[in-house]
Amino acid sequence: MPPLTITVGVLALQGGVVEHIALLNRASANYPSVTFHFLEVRTPEQLSLCDALIIPGGESTTMAIVARRLGLLEPLREFVKINNKPVWGTCAGLVMLAEEASATKQGGQELIGGLDVRVLRNKFGTQVQSFVADLNLDFLGEGEGPFRGVFIRAPVVEEVIDGDGRVKVLGTVKKPGEEEDIVAVRQGNVFGTSFHPELTGDVRVHAWWLGNVVEALGQGGEGKGLVVGKGKGDAGKVY
Amino acid sequence: MATNLTNGISSISDDFTVKAGLAQMLKGGVIMDVTNVEQARIAEEAGAVAVMALERIPSDIRKVGGVARMSNPEMIKEIQAAVTIPVMAKARIGHIVECQILEALGIDYVDESEVLTPADDQYHVQKTDFKVPFVCGCRNLGEALRRIKEGAAFIRTKGEAGTGDVVEAVKHIRTVNAEIAKAKAALASEGELGIAKLAREIGADPILLKQTAELGRLPVVNFAAGGVATPADAALMMQLGCDGVFVGSGIFKDALDAEHATKRARAIVKAVANWTDKKALIEASIEHGTAMKGISNAGLKEDEKLAGRGW
């Protein structure tokens with residue numbers, strides 16, 4: 001079997017780009033048989049080189065406006081919804097990947113879509129209400145400890161609007177005195193999180209997602225299961 | 001350039017991760033000074049990542065003179081209600097109560113700013129005492145690290161606000177860059193002792209200085225501010241290593257009308273998003289049109305300069 005080469009883009013219109021690339025680099029150590037390229041994406045040409053994409057945290061209004069002006073919105077929609085390539089959005093990226101959003105600016109904002117959910121922007125309030133919480137993310141595997149979720153002016157999934165059960169809820173958070181909120185969802189090739197794994201030193205979510213990317217591209221090479229490890233030096237385990 | 005700021009630095013607290021994290025999410029963006037709801041809406045529609053609510057833009061603060069203070073909370077609340085992007089506001093250097101008021105208003109970032117008249121000639125605000133994060137100006141690495149030691153989670157150059165003359169902002173980022181290079185060299189050649197010696201010279205905390213030397217950059221996000229007036233100015237500051245740009249008077253000063261201000265705002269956003277793309281910079285410069293007239297920094301008397309406030 002020829003060695004697998006995968007190009008993963010990080011949409012670099014604005015926001016936390018290098019943080020994702022740093023963790024992707026660490027997570028890639030879990031897949032020694034795969035050659036990864038990590039690419040900052042600012043143009044349709046760069047997007048066309050990508051097998052998978054991360055849409056980082058930032059300001060979703062700014063990203064939508066800049067993406068529109070650079071002629072990237074339609075290519076992004078095609079990438080996510082027609083070509084069905086693996087995509088992960090964190091925070092503002094989750095907003096961009098939702099089919100609907102509430103609490104948007106006057107006149108609304110453009111979205112890429114792909115997740116049949118409605119997100120609520122800035123659910124918890126202003127920056128003073130931003131917080132860190134331990135999350136139980138079962139998809140990371142049995143026996144894994146909690147994940148430190150960093151929520152910054154974070155959106156949540158207010159409602160799953162797909163009636164066919166294609167949207168899987170993968171994580172929730174409950175602040176004291178508040179209802180439980182959905183903060184991680186997946187629908188086929190599209191994954192979204194309200195929180196910022198890229199602001200932690202914890203590589204597990206990046207490693208899990210890269211495992212999905214490797215599998216989606218049809219040549220796992222590491223056996224049937226997804227390989228998850230805790231970064232360089234860890235053997236990783238199959239589940 | 002795989003600078004990773006806080007990611008991977010496990011020693012910092014959750015509190016600081018959240019404060020510095022918002023600044024990380026603003027990278028590659030433009031933060032615009034606005035004085036009313038109309039200007040805030042123009043900024044948001046143009047693609048600003050945040051707005052800075054203040055009574056007067058810096059060029060008018062210069063012109064009007066007198067004591068410049070925190071803005072009226074009523075105006076700040078109106079702006080908060082009008083936009084969904086983060087709203088920042090300025091407090092006077094050392095004015096703990098202005099900071100408390102801004103925190104209680106739910107401001108997303110407080111700028112402890114030399115553009116306002118300082119309230120304390122001895123101390124900056126102890127920013128670790130607050131839940132709201134702070135951005136502060138600097139002219140050099142020592143000043144940047146003193147502010148971070150006090151709890152600032154975001155740094156900007158001081159430049160010379162309200163002039164439309166970028167020369168001081170360039171001087172400040174070049175000074176910071178040169179001193180970071182010096183810290184790296186000191187760490188490489190003389191280790192901890194070299195860092196300790198340099199830390200004494202520049203008046204910085206040695207632990208933060210060592211961290212800076214190891215990262216090869218400031219340990220928090222660093223924006224340009226103070227005199228950025230055109231798309232080319234903004235791209236210049238990005239090429240010199242800034243993570244984003246504050247534009248004060250440059251959007252609304254001497255703008256012909258709201259449409260012209262909108263074009264200027266959009267043009268600067270475009271320049272910061274495409275700071276190496278010469279074609280985009282030509283388009284942005286055309287769209288921007290005439291810039292604010294400005295005041296040459298060289299023509300300012302020492303007591304007219306704002307950057308010397310704070311230490």
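Taken together, the values in this text are just the output of simple stated rules run on the coordinates, not laboratory data. Quantities reported herein were computed from a predicted structural model and do not represent experimental measurements. Glycine gets a Cβ as well: all are built from the backbone with ideal geometry, and neighbour counts include every protein chain shown.
Under 16 Å of direct C-alpha separation, and excluding same-chain neighbours fewer than eight residues apart, B:LYS301 reaches these aspartates and glutamates: B:GLU160, B:ASP165, B:GLU168.
Counting only lysines at least 8 places from B:LYS184 when in the same chain, those with an alpha carbon closer than 22 Å to its own are B:LYS149, B:LYS171, B:LYS197, B:LYS210. Listed values for the range A:133-138 are Karplus-derived 3J(HN,Hα) couplings in whole Hz (6.51 cos²θ - 1.76 cosθ + 1.60, θ = phi - 60°), namely 9, 6, 10, 9, 9, 4, and x replaces Gly and Pro. Using the average count of surrounding beta-carbon atoms within 10 Å as a protection proxy, the listed peptides A:46-59, A:103-116, B:20-33 rank, highest first, as B:20-33, A:46-59, A:103-116. All Cα-Cα separations within the range A:152-211 were binned at 10 Å from zero, giving a P(r) of 19, 50, 28, 3, each value a whole percent of the pairs. Phi angles of the range B:127-143 translate, via the Karplus equation with coefficients 6.51, -1.76, 1.60 and θ = phi - 60°, into HN-Hα couplings of 7, 5, 6, 10, 7, 6, x, 10, 10, 9, x, 8, 10, 7, 5, x, 5 Hz per residue; Gly and Pro are given as x. Between B:GLU190 and B:THR276, the contour length at 0.36 nm per residue exceeds the Cα-Cα span by 27.3 nm. Among B:263-270, A:161-168, A:7-14, B:215-222, sorting by the average number of other beta carbon atoms lying within 10 angstrom of each residue, highest first, gives B:263-270, A:7-14, B:215-222, A:161-168.
Distance between the C-alpha centres of the range A:104-131 and the range B:140-210: 36 Å, rounded to the whole angstrom. If you count Lys pairs in the range A:4-223 whose Cα atoms are under 25 Å apart, skipping same-chain pairs closer than 8 places in sequence, the total is 7. Charge tally for A:LEU47 (other residues, Cβ to Cβ under 12 Å; Lys, Arg +1; Asp, Glu -1): -2.
Taking all Cα-Cα distances within the range A:4-223, those exceeding 30 Å account for 16%. What the Cβ-Cβ distance of A:ILE82 and B:ALA258 gives, at R0 = 56 Å and to the nearest 0.05, is a FRET efficiency of 0.90. The mean number of Cβ atoms from other chains found within 10 Å of a Cβ in peptide B:38-47 is 3, as a whole number. Distances between placed amide hydrogens fall under 5 Å for A:SER102 paired with A:VAL119, A:LEU120, A:ARG121, all partners being 5 or more residues away or on another chain.
Near A:GLU159, the amide H atoms lying under 5 Å from its own belong to A:ARG118; only residues 5 or more places off or on other chains count, and H is placed 1.01 Å from N. Calculated on the alpha-carbon coordinates, the convex hull of the protein assembly as shown measures out at 152 cubic angstrom per residue. Computed from point charges on the beta carbon alone (+1 for Lys and Arg, -1 for Asp and Glu), the dipole magnitude for chain B about its Cα centre is near 620 Debye. Convert each backbone phi in the range A:192-204 into a coupling constant with the Karplus relation 6.51 cos²θ - 1.76 cosθ + 1.60 (shift: θ = phi - 60°), then list the ³J(HN,Hα) values in order as whole Hz, x for Gly and Pro. These are the phi-based 3J(HN,Hα) values: x, 10, 6, 9, 10, x, 6, 9, 10, x, 8, 8, 4 Hz.
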